[in-house]
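See below for the structure under consideration.
The values are calculated or read from the model by the stated rules, or taken from the named source; none is laboratory data. None of these values were measured; they are calculated from a predicted model. Methodologically, a virtual Cβ is constructed for each residue, glycine included, from the backbone with ideal geometry; neighbour enumeration extends over all protein chains shown. Areas reflect the complete protein model, heavy atoms only, side chains present, ligands, DNA and RNA absent. Shrake-Rupley method; radii C 1.70, N 1.55, O 1.52, S 1.80 Å.
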Amino acid sequence: MAVTTIYASTNTNGRGIISVSNTDWDDAITATSGTVQTASSSNFAIRGGAISGRGGTEYRVWRTFAFFDLSSITTTITAATVKIHGAGSVNNGGTAQMYASTAFGNNGTALASTDFDNVSNTLYSGTSYTDVTWNKSALNSFTVNATGISAMNLNGILNVVFRNDNEADEEEPSSDHYLGVNFLGIGLHSYGWI
């Protein structure tokens, strides 16, 4: 079987992070837009957490998106793995999983602030990571499940979002939970490839 490597192009045009902060948990997870992060690395890339202080509690939700154009593959895809490079920080990471997304205009255009809401609860992988299992300095692999493989063959793309289980399951956290991502780990585009 031939193996093809496809990268999720460049920051904000094939991969990126969108963040939301709000004093109300429900408003944070159901926000229709957020702030597109343009840095190539973030310690908070997959986040669903609460930060409490003298001013009260602020909830932070960060979602990491990746878009893969599969038009160069002319045969039926039977298996795929998405690999994402960790970054140097985790904190009570919760569980990070990979879901279907409709970000990037579902065609690879630039990531927009309104893409924060272009997520689903449809898992594209049974693989999950916690702060204990997340590799902060190497690739973490998500095996694409049958639902994701079917979508890849049908649509000629793979459009995913990495989410923290606290926000995906709408479970209000009492502390901060995050995993870091490095888009340019090891000096190449090792974040987001299949």
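Details
- The angle between the Cα long axis of helix 146-155 and the main principal axis of the chain comes to about 60°, on a 0 to 90 degree scale.
- Nonpolar atom fraction for the chain, defined as the carbon and sulfur part of the 1.4 Å probe accessible area, stands at 46 percent.
- Out of every Cα-Cα pair that segment 1-114 contains, those further apart than 17 angstrom amount to 62 percent.
- Most simply put, the chain has about 95% antiparallel DSSP beta bridges, counting only bridges with both residues inside it.
- Computed from point charges on the beta carbon alone (+1 for Lys and Arg, -1 for Asp and Glu), the dipole magnitude for the chain about its Cα centre is near 740 Debye.
- Sorting 96-102, 23-29 by average packing, meaning the other beta carbons within 10 Å per residue, from highest down gives 96-102, 23-29.
- Debye log10 I(q)/I(0) at q = 0.14 Å⁻¹ for segment 27-91, Cα point scatterers: -0.64
- Per residue, in Å², the accessible surface of segment 39-159 once ligands and nucleic acids are set aside, probe 1.4 Å: 43 Å²
- Calculated P(r) of segment 26-174 - Cα pairs past 21 Å, %: 45 percent
- Computed [θ] at 222 nm, deg cm²/dmol, the chain (DSSP H ≥ 4; -39,500 (n - 2.57); rounded to nearest 500): -2500 deg cm²/dmol
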